[in-house]
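The values are calculated or read from the model by the stated rules, or taken from the named source; none is laboratory data. Keep in mind that this is a model prediction, so the values were computed, not measured. Ideal geometry is used to build each Cβ from the backbone, glycine not excepted, and the neighbour counts take in all protein chains shown. Remember, those area values only see protein heavy atoms, side chains included, never the ligands or the DNA or RNA. Shrake-Rupley method; radii C 1.70, N 1.55, O 1.52, S 1.80 Å.
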Amino acid sequence: QVQLVESGGGSVEPGGSLRLSCAASGFAFSRFTMNWYRQAPGKERELVAAITPLGAATYADSVAGRFTISRDNAKNTVSIQMNSLKPEDTGVYYCKVRLALREYWGQGTQVTVSS
């Protein structure tokens, strides 16, 4: 079955960096756009970044220039490098894929940016 497993979250001071990874299995990874979402406390889940099968990336305005999404189709992983982190980047980060008419989500990984 489809599985998405995120890793790499943690606590960091403002200005710091973190790299999140999502290991995917159970589907033809290289054929699908992969997405990173986040949900801050008390807020709705929002799209952070997406990457197409050929590597074209899009970003939310709030993270453009600070975050970089990438994928390794040989290893079935998608990652996001987060630099210059701000307190407002705090939240649970999720990996998501849409297959046909169904969406699949990972369990999420917590990112906390605080001094």
Top mean-square fluctuation among 104, 93, 37, Gaussian network model of the chain, C-alpha springs under 10 Å?
104
Once the other residues with Cβ under 15 Å from the Cβ of residue 43 are scored (Lys, Arg +1; Asp, Glu -1), what is the net sum?
-1
Computed over the chain, protein heavy atoms only, probe 1.4 angstrom, the accessible area per residue in square angstrom equals 53 Å²
Label the chain by shape, choosing from rounded, prolate and oblate, from the square roots a ≥ b ≥ c of the eigenvalues of the Cα gyration tensor; if a/c is under 1.5 it is rounded, and otherwise prolate applies when a/b is larger than b/c, oblate when it is not.
prolate
Protein accessible area in the chain, 1.4 Å probe - carbon and sulfur %
48 percent
Distance in Å, no decimals, from the C-alpha centre of region 1-46 to the one of region 55-74 is 12 Å
Of 23, 64, 40, which is the most mobile in a GNM of the chain whose springs link Cα atoms less than 10 angstrom apart?
64
Which net charge results for the neighbourhood of residue 34, defined as the other residues with beta-carbon distances under 9 angstrom from its beta-carbon, given Lys and Arg at +1 and Asp and Glu at -1?
+2
Mean-square fluctuation maximum in Gaussian network of the chain, Cα pairs under 10 Å, restricted to 79, 62, 11, hits 62
Taking every other residue with Cβ under 13 Å from the Cβ of residue 89 and scoring Lys and Arg +1, Asp and Glu -1, one gets +1
